[in-house]
1. Name, by its number, the condition in (1) more than 14 Å from every other protein chain (Cβ to nearest Cβ); (2) under 24 Å from residue B:198 (Cβ atoms) that does not hold for residue B:235.
2. Please identify the pairs in which a residue from segment B:199-211 that is within 23 Å of residue B:442 (Cβ to Cβ) has its Cβ atom under 6 Å from the Cβ atom of a residue that is in a helix (DSSP H, G or I), counting only partners at least 6 apart or on another chain.
3. Looking for something at pLDDT below 75, on the phi > 0 side of the Ramachandran plot and not in a helix (DSSP H, G or I) - is there at least one such residue anywhere in segment B:37-52?
4. Suppose we filter A:17, A:62 for residues that are exposed (fewer than 15 other Cβ atoms within 10 Å of the Cβ), at pLDDT 90 or above and either over 22 Å from the mean Cα position of the chain (by Cα) or on the phi < 0 side of the Ramachandran plot (or both); which single one remains?
5. Conditions first: (1) of a type outside the set (Ser, Thr, Tyr); (2) over 18 Å from the mean Cα position of the chain (by Cα); (3) assigned to a helix (DSSP H, G or I). Residue B:197 passes all but one, so which condition is the exception?
6. Under 8 Å between Cβ atoms, which residue pairs at least 6 apart in sequence (or on different chains) link something in segment B:33-47 that is more than 14 Å from chain A (Cβ to nearest Cβ) with a partner that is aromatic (Phe, Trp, Tyr)?
7. Among the residues of segment B:243-256, which ones are more than 9 Å from chain A (Cβ to nearest Cβ) and touching a Leu at 6+ places or on another chain (Cβ under 7 Å)?
8. It is to be established whether one or more residues within segment B:296-306 are in contact (Cβ under 8 Å) with a residue 24 or more places away in the chain, farther than 20 Å from residue B:133 by Cα and part of a loop (DSSP other than H, G, I, E, B).
Amino acid sequence: MLSRTADNLFWMSRYMERAESLARLLEVGHRLSIMPASADGTEWASTLAIAGCQDAFDREYETVGAQNVIEFIGIRNDNPYSIPSCLENARSNGRAVRVSLTTAMWQSLNSTWLELHSRRHSAESGAGILDYLDWVKDRSTQFVGATTSTMLRNDAYFFVMMGMLLERADNTARLLDVKYHVLLPDHEDVGGTLDFYQWSALLRAVTANRAYHNLYRGALQPWRIAEMLILRAEVPRSLLSCLVGLTEYLERLSDMYGERKECLRMAKALHADLAYQPAEDVFQRGLHEFLTDFIQRNNRLGRQIQRDYLA
Amino acid sequence: MTKEPFNEMRDGGGAVRDLYRGVQDWLDQTPADVMALKREETELLYRKSGITFAVYGEGGGTERIIPFDVIPRLISAREWELMARGLDQRVKALNMFLCDVYGEQRALDEGIIDPSLVLLNDAYEPQMQGLQVPGGVYTHVAGIDLVRVGPDEFYVLEDNVRTPSGVSYMLENREMVMRLFPDLFRSYAVRPVDHYPEELLSTLVSVAPPAAQGDVTTIVLTPGRYNSAYYEHSFLADEMGVDLVEGQDLFVADNIVYMRTTQGPKRVDVIYRRIDDPYIDPLAFNPRSALGVPGIMTAYRAGNIVLANAVGAGIADDKSVYTYVPDLIRFYLSEEPILNNVPTYRCSEPDDLAYTLDNLKDLVVKEVHGSGGYGMLVGPAATKDEIATYAERLRADPDRFIAQPTLALSTVPTFVESGVAPRHVDLRPFILVGSETKIVPGGLTRVALEEGSLVVNSSQGGGTKDTWVLNE
């Protein structure tokens, strides 16, 4: 297939996944900010940090607060880091390769885009924000559903899935990195009420609160949460789970094309490092260092896929 | 020409013609609210599937749908047979003319057409001189715009032999009507159109360059997603099962054109290109074009690829050459034209210019090189000021214009605010030329939605209809 087609497919799903991640992120911010004794501003500053748009935000706004951050990331379409921009980019990448999409996928992308304007509008009125974020998540889920249930399992599909997984791994790693630092108390005061709300909000952001209880059955423990989101292959948003998928699709692509590229080696190396990593090692090395390293390697993997297939 | 327009549905006494009786019954039997619902459904379906076109001059990213009228336009077997013969003849002559212009230039030598009109024309492409294209085919896909003024009176309004668009609407409109009104569709024996993409592909493959090895690799080359006809480009590529590429996806090495794929470079043989000549190769034409492929003209001249339609084909649909087409038919085929031209005044000639200036309020004036209804004057619909402004443009550069009487275009029943009313239409059938000529029975019927309006162009508020060519 055309390299550009593969590139558009890859970015289409990346942007869709990013829109969903941003929606989850804002939802958590919103949840935390209405908690009793919420220290105003910190949740929202970390939200900006995770979304990677602190500087862009500071250029436009004086204060960090619910309204401004929600507007900047959730509503505005002139901010390249926002949900509307991501949905727009997903659609325009999809539109460029309509031929390679199934009707269900295209209609999903296109109706999202058509509805976006009115949805944004009702979200601006304030109370509608949670409905709006739900809608964004629904649309993303619906798109993935349309993709997995209608697309042929060929190279086009592999590129779509790889875009999604690469983006998802990046988001989970960022979320964990930033939130862990904000949330981890100076004193070993784990288990307080506020704490509980915060950790559970973080789990919600990756729809893993039920999964946690299912896997660990007990109070929320920061290190278990980190272990779960990094090393448990059963959790669909964990780093390991994303790498399992990435490796699988790169393998299948290599089989199909009859040629193994550098990106496959990189994915396997990263996969192996996660799969055979004892949780204690992660903590001993320092979670922040571990995650920073992961984010860098994940980015390098993305660039290598780009070089090997998409350019 | 002030006679009453020909009404395709009703005769002079207002009685419904036999052909349209089924449509009339259907209109009588379908309650107004059902019809209204169906029409809303149409708009929704078109939007949902993203069948949109961009309108130039309205700022970037403007996407509109072309209004679709649900009442089909009917053409009897006998009428179609006449049209098809005329189209076949005309396109044959146009191809022979192109072959001649870029070859021996007999028509020019023998004074059939003024050489300066051809050779000094912007649409004439010197780089094509002496190049033999496979099968002698220059216009592989032609869209000939026809208007009807009487029972068996059809005129050719203009020829489109460069990159005619609109065929996707012919196909989508059919899908839509079959889906919305299966009963009406069943009540007529309508000839199918949905094999058009297959016919297009086999036409393209039939003129592959001799250098093509093994399976012929055919692609559609588009300027990209911001082009007004992008939907059509992707639709056709999809239906033919070929790659839709942009200039950046192609490169030329050793006079061979390759596309960049996830498995490395792949050789390309036939390019159905929807990029205009000036943009196709920055090395040969407009150096600032980012849409084209550097070096593609040398590969073309080396015979390693076929471009459809050929570069330089535009000389045959230039509006100043149009007036000579009947003579060209007589010259090349020794036949009388089956389809006539609309009488046309060449403003480059003093007498015609004087007549045109005196009668602007009754004439349609067009730019010779324009297309899509941009920059034209419809005298009867224009204000005094508009006419005065246009007259100045005309005097300043008369060679750029031609004028035609405002034809009484035929009307067909159309849904409008006030109910069903007659509206003016034209018809663009698509003619495919490869090792043989094929015409899918149908075409794009364009309808002027405003009462009395004669401008059917989609960029000027025109709509479309499904066109049913019937079996005996």
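The values are calculated or read from the model by the stated rules, or taken from the named source; none is laboratory data. Everything numeric here is computed off the predicted structure, so don't read it as measured data. Here Cβ is always computed from backbone atoms with ideal geometry, including for glycine, and neighbour counts include all displayed protein chains.
1. (1)
2. These pairs meet every condition: B:201/B:240.
3. yes
4. Testing whether each residue is exposed (fewer than 15 other Cβ atoms within 10 Å of the Cβ), at pLDDT 90 or above and either over 22 Å from the mean Cα position of the chain (by Cα) or on the phi < 0 side of the Ramachandran plot (or both) leaves just A:62.
5. So residue B:197 meets the others, but not (2).
6. If the second residue must be aromatic (Phe, Trp, Tyr), the pairs left are B:35/B:415; B:38/B:181; B:39/B:415; B:42/B:68.
7. Matches in segment B:243-256: B:247 only.
8. No - not one qualifying residue is present in segment B:296-306.
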